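Have a look at the structure below, then the notes.
The values are calculated or read from the model by the stated rules, or taken from the named source; none is laboratory data. Only a predicted model underlies this, so the values are computations on that prediction, with no experimental measurement involved. FYI the Cβ positions are ideal-geometry reconstructions off the backbone, even for glycines, and counts take in every protein chain you see. Side chains included, ligands, DNA and RNA excluded: accessible areas come from the protein's heavy atoms. Shrake-Rupley method; radii C 1.70, N 1.55, O 1.52, S 1.80 Å.
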Amino acid sequence: YRFRLLNEALNQDGYNFKQSMAITIAGDQYDSSAVQEEITSIVQANPCVMFVWEASPSCKQAVAAFESMKILDKVTIVRLDDPWSEGNKLRAELGKMTGKSSVPSIWIGGKYVGGYDAGVSDEAPGIVQMAFQGTLRPMLEEAGAV
């Protein structure tokens with residue numbers, strides 16, 4: 001069963017290995033569209049959202065960064081590891097939506113901006129790069145998180 005899912009994700013759907021593993025771990029016993037709608041609802045209803053694993057070093061750094069900006073109280077943190085059974089589905093669908101299944105998955109003003117120190121594009125480079133570019137604070141202000 002799991003091997004079939006992995007094979008389909010890699011060969012039929014064309015996902016990279018990491019995303020294919022996220023899909024395999026999540027299984028196929030859930031409604032993909034409903035999970036994507038849940039993610040969309042969360043990110044549109046909150047100025048800043050982070051999907052995290054509590055023990056992840058990058059997630060801890062992202063939390064610390066927002067804490068140092070004194071805005072952690074405006075950041076909605078969604079734990080993907082509590083419970084794993086729900087978080088695995090979210091992670092698989094986040095990867096499909098953004099092209100990156102790693103955590104943290106950070107969204108500001110309903111827009112995916114990458115993770116802590118990496119992203120998928122110039123538009124979503126991660127919050128460290130955004131801070132160096134001078135685009136992080138203005139985006140957080142526009143979203144109402146500062």
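Numbers below:
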| item | result |
| --- | --- |
| Carbon plus sulfur fraction of accessible area for the chain, probe 1.4 Å, in percent | 50 percent |
| Computed over the chain, Cα set: Rg, Dmax in Å | 15.2, 47 |
| Contact order relative to length of the chain, as percent, for alpha carbon pairs under 8 angstrom and 6 or more apart | 24 percent |
| 1.4 Å probe accessible area per residue over the range 1-144, in Å² | 53 Å² |
| Dipole magnitude of the chain, debye to nearest 20 (Cβ charges: Lys/Arg +1, Asp/Glu -1, about Cα centre) | 260 debye |
| Longest exposed-site-free window of the chain, the sites being GluC sites (Glu not before Pro) in a DSSP loop that have at most 16 other C-beta atoms within 10 Å | 55-122 |
| Residue-averaged [θ]222 nm for the chain, counting only DSSP H segments that reach four residues, each worth -39500 (n - 2.57) | -14500 deg cm²/dmol |
| Gaussian network model of the chain, springs between alpha carbon atoms under 10 Å - residue of Ser32, Ser102, Ser68 with greatest fluctuation | Ser68 |
| Overall form of the range 1-67 per C-alpha gyration tensor (a/c, 1.5; a/b vs b/c) | oblate |
| The range 73-134, dipole about Cα centre (Lys/Arg Cβ +1, Asp/Glu Cβ -1), debye to the nearest 20 | 140 debye |
